[in-house]
Amino acid sequence: MPIFEYVCQECNHRFELLVQGSTVPACPSCKATKLQKQFSPFGVGATADWATSSGPAPCGACGDPRGPGACSMN
């Protein structure tokens, strides 16, 4: 079940939502269903090979929007 990021077109509320099956997402603030799906930096560069990776990725590979070294993974 993927997590998506949205911006409500009615009230401009930004939120994340776990989407299950044929669920129609709605804004938790105003309950509107007119939403715009946002680009999620966490999913950048995700591929099926991640499970077979032999070690940690280089700094900056996590996709933290604050830039390399900001995520405290090291």
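The values are calculated or read from the model by the stated rules, or taken from the named source; none is laboratory data. These numbers come from a predicted model, not from an experiment. Glycine gets a Cβ as well: all are built from the backbone with ideal geometry, and neighbour counts include every protein chain shown.
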Lone unmet requirement of (1) part of a loop (DSSP other than H, G, I, E, B); (2) surrounded by 13 or more Cβ atoms within 10 Å (Cβ to Cβ); (3) at pLDDT below 90 for Leu17: (1)
Any hit, region 37-51, residues being modelled with pLDDT of 70 or more, surrounded by fewer than 10 Cβ atoms within 10 Å (Cβ to Cβ) and assigned to a loop (DSSP other than H, G, I, E, B): yes
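Determine if region 55-73 includes at least one residue that is in a strand (DSSP E or B) and at pLDDT 70 or above. Reasoning before the result, please.
Narrowing region 55-73 to residues in a strand (DSSP E or B): none.
Checked against the condition, which is being in a strand (DSSP E or B) and at pLDDT 70 or above, region 55-73 yields no hits at all.
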